[in-house]
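The numbers here are math on the coordinates, done by the rules we state, and not lab data. Everything numeric here is computed off the predicted structure, so don't read it as measured data. Ideal geometry is used to build each Cβ from the backbone, glycine not excepted, and the neighbour counts take in all protein chains shown.
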Ligand SMILES: NC(=O)c1ccc[n+]([C@@H]2O[C@H](COP(=O)([O-])OP(=O)(O)OC[C@H]3O[C@@H](n4cnc5c(N)ncnc54)[C@H](O)[C@@H]3O)[C@@H](O)[C@H]2O)c1
């Protein structure tokens, strides 16, 4: 039985993941962490100030974190130190914050999966974008992403991963975030962010040249797609040696 604690238990992702864990035969939801005390799916949710003691009492194998960067930088080192494997989905971490998280995981000698997007389709999408960028690198490139009105970080972590792939293949290129006024297009990568309604997650990359465009796009219809991916990563990580892995390792796409 894989014992699991979910950090961000009352959030959109935490609740979705909790509901799935609760139904899996080989998993046991032993608790949640959030800013307020309470319960979900019949198990206690403790405020993050009590995380150390809570982990010592319920002894989970894995902590799944979908919260906000400010919480992740505090909670993931504590869970790593307690010997939990980590599944980290929170986005919006600065480079320095991410470095601190990596160091804490390595120092604690635990295994972790960190991914800006746990959907299987998106992980395949990233490989398609890499391939397209290799072949269409001299085309104008425009990246667009859309998410629900509550999403705070922009561009999305997924869009940042796409930018990283594009930069690796065709960069270094300037990134221009939105356009206004008089300006000529150069060789930049254009980045455009839309926030509204309950959009779960849309990403598209357009490669444009005279007389043609090639557009690759991915649409998530339900956040269960990220939750299912995180569950798959959870099952995978418990058998792994300490280290930091990505979804491409989980899916054997490396
Ligand atoms: N990697 C992926 O596949 C993926 C998919 C979807 C969302 N996300 C990311 O996951 C994160 C959460 O997304 P969401 O839509 O569930 O957000 P949300 O706002 O619905 O949920 C976040 C939860 O974290 C809680 N929280 C805040 N501070 C905390 C603390 N100190 N300790 C514990 N919990 C705390 C909040 O109270 C809230 O319940 C975001 O960064 C989002 O971008 C990643």
Helix 157-170 sits off the longest principal axis of the Cα atoms of the chain, rounded to the nearest 10 on a 0 to 90 degree scale, by 50 degrees
For region 63-77 and region 2-41, what is the separation of their Cα centres, given in Å?
14 Å
Specify the angular offset, from 0 to 90 degrees and rounded to the nearest 10, of the alpha carbon long axis of helix 12-21 from the longest principal axis of the alpha carbons in the chain.
60 degrees
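Which order do peptides 138-146, 172-180 fall in by mean Cβ count within 10 Å, highest first? Could the numbers behind the result be given before it?
Details: 138-146: 19.2, 172-180: 11.2.
Averaged packing, sorted descending, gives the order 138-146, 172-180.
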Whole-number Å³ per residue for the convex hull built on Cα positions in region 1-118
91 Å³
At a Förster distance of 41 Å, what's the computed FRET efficiency of residue 28 paired with residue 248, Cβ-Cβ distance as r, to 0.05?
0.90
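I need the fraction of alpha carbon pairs in the chain separated by more than 27 Å, rounded to a whole percent. Don't jump to the answer; show the numbers that get you there.
Numbers: 12384 of 32131 pairs.
Across the chain, Cα pairs with separations above 27 Å total 39 percent.
Specify whether the C-alpha gyration tensor of region 120-220 places it in the rounded, prolate or oblate class, a ≥ b ≥ c being the square roots of the eigenvalues: rounded for a/c under 1.5, otherwise prolate if a/b is larger than b/c and oblate if not. Intermediate values should be presented prior to the final figure.
On the way: a/c = 1.78, a/b = 1.23, b/c = 1.45.
Oblate.
As an exercise, use a Förster radius of 25 Å and the Cβ-Cβ distance of residue 120 and residue 58 to find the FRET efficiency, rounded to the nearest 0.05. Mind dumping the intermediate values first?
Details: r = 30 Å, r/R0 = 1.19.
So, using R0 = 25 Å, E works out to roughly 0.25.
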Where does each of 116-124, 34-42 land if you order them by average Cβ count within 10 Å, highest first?
116-124, 34-42
Projected label distance in nm at residue 127 and residue 241, using a 7 Å step from Cα toward the beta-carbon
2.4 nm
Quickly work out the residue 209-to-residue 167 label distance, labels modelled 7 Å from Cα along the C-beta direction, and quote it in nm with one decimal.
2.6 nm
What angle, in degrees between 0 and 90 and rounded to the nearest 10, separates the Cα long axis of helix 120-135 from the longest principal axis of the Cα atoms of the chain?
30 degrees
Taking Cα pairs closer than 8 Å and at least 6 residues apart, the relative contact order of region 94-224 in percent is 29 percent
PRE reach from residue 177 (point 7 Å along Cα→Cβ): which of region 151-165 fall under 16 Å by backbone N?
151-164
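Take each of the peptides 69-77, 207-215, average the number of other beta-carbon atoms within 10 Å over its residues, and list them starting from the highest.
Values: 69-77: 19.6, 207-215: 11.8.
Highest-to-lowest ranking by the protection proxy: 69-77, 207-215.
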